[in-house]
Amino acid sequence: AVNDPEFSTTEWEEYKTAWEKVLEGDDGPRTIHVKFKDLAGNESDVFSQDVILDTTPPINCEVTINNGAESTNQLDKLVTVNLTADGAEFFKISNDPLQFEKARWQVFANTLENWRLDGEDDGIRTIYVKFKDEAGNISKTYKSSIMLERGF
């Protein structure tokens, strides 16, 4: 039973080693309660486990490059990526939206230093970022751009 340690609205089910239950309602804490009954009708104590229903991806997400600078003249094309995302545990980043799904998830940090921009010529460079929370909810794709001006 979910949030009902008295099992007032619960019917006995056949024993199984795994049990699936759809948690309904708003995001937040839930307590799962279970007890067992043998063929003779003897009931076990109640066992409980707390879980958190989380169906919302990270919020208040933002990506900037070099603290919001409009351009960079770094010859090595290295920039600092600034990340903000409430509830994020992981992020993935890419220079190419078509290769984005191949990027690997990394542990969330507010700053990623020495990210190398792609391309050989000067011009606008865009990076793409997604955020993921502990429950596996993934944000939409966020992007940020900067003008690469090395003078070539």
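Residue by residue, here is whether (1) aromatic (F, W, Y); (2) exposed (fewer than 12 other Cβ atoms within 10 Å of the Cβ) holds:
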| site | (1), (2) |
| --- | --- |
| F36 | yes, no |
| S44 | no, yes |
| Q49 | no, yes |
| P58 | no, no |
| I65 | no, no |
| G68 | no, yes |
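When the range 70-114 is examined, which residues are found to be part of a loop (DSSP other than H, G, I, E, B), of a type in the set (G, A, S) and over 13 Å from I127 (Cβ atoms)?
G87, A88, A109
If we keep just the residues of the range 114-142 that are among the aliphatic types (A, V, I, L, M) and modelled with pLDDT of 95 or more, which is most open to solvent (accessible area, probe 1.4 Å)?
Among those residues, the one meeting the criterion is I124.
Does F91 meet the test of being modelled with pLDDT under 95 and not basic (K, R)?
Considered against the rule, which asks whether it is modelled with pLDDT under 95 and not basic (K, R), F91 comes out as no.
In the range 30-59, which residues are touching an Asp or Glu at 6+ places or on another chain (Cβ under 8 Å) and among the polar types (S, T, N, Q)?
Residues satisfying the conditions are T31, T55, T56.
Within the bounds of the range 32-43, is there any residue that is charged (D, E, K, R) and assigned to a strand (DSSP E or B)?
Among the residues of the range 32-43, at least one is charged (D, E, K, R) and assigned to a strand (DSSP E or B), which makes the answer yes.
Please work out which residue is surrounded by the most Cβ atoms within 10 Å (Cβ to Cβ), limiting yourself to the range 80-113 and to residues that are more than 22 Å from I59 (Cβ to Cβ) and in contact with a Ser or Thr (Cβ under 7 Å, 6 or more places away or on another chain).
T80
The values are calculated or read from the model by the stated rules, or taken from the named source; none is laboratory data. As the structure is a computational prediction, the values presented were derived from the model and not from experiment. In this analysis, Cβ positions are derived from the backbone assuming ideal geometry, glycine residues included, and neighbour counts consider all displayed protein chains. For the accessible areas, the whole protein counts, side chains as well, though only heavy atoms, and no ligand, DNA or RNA atoms are used. Shrake-Rupley method; radii C 1.70, N 1.55, O 1.52, S 1.80 Å.
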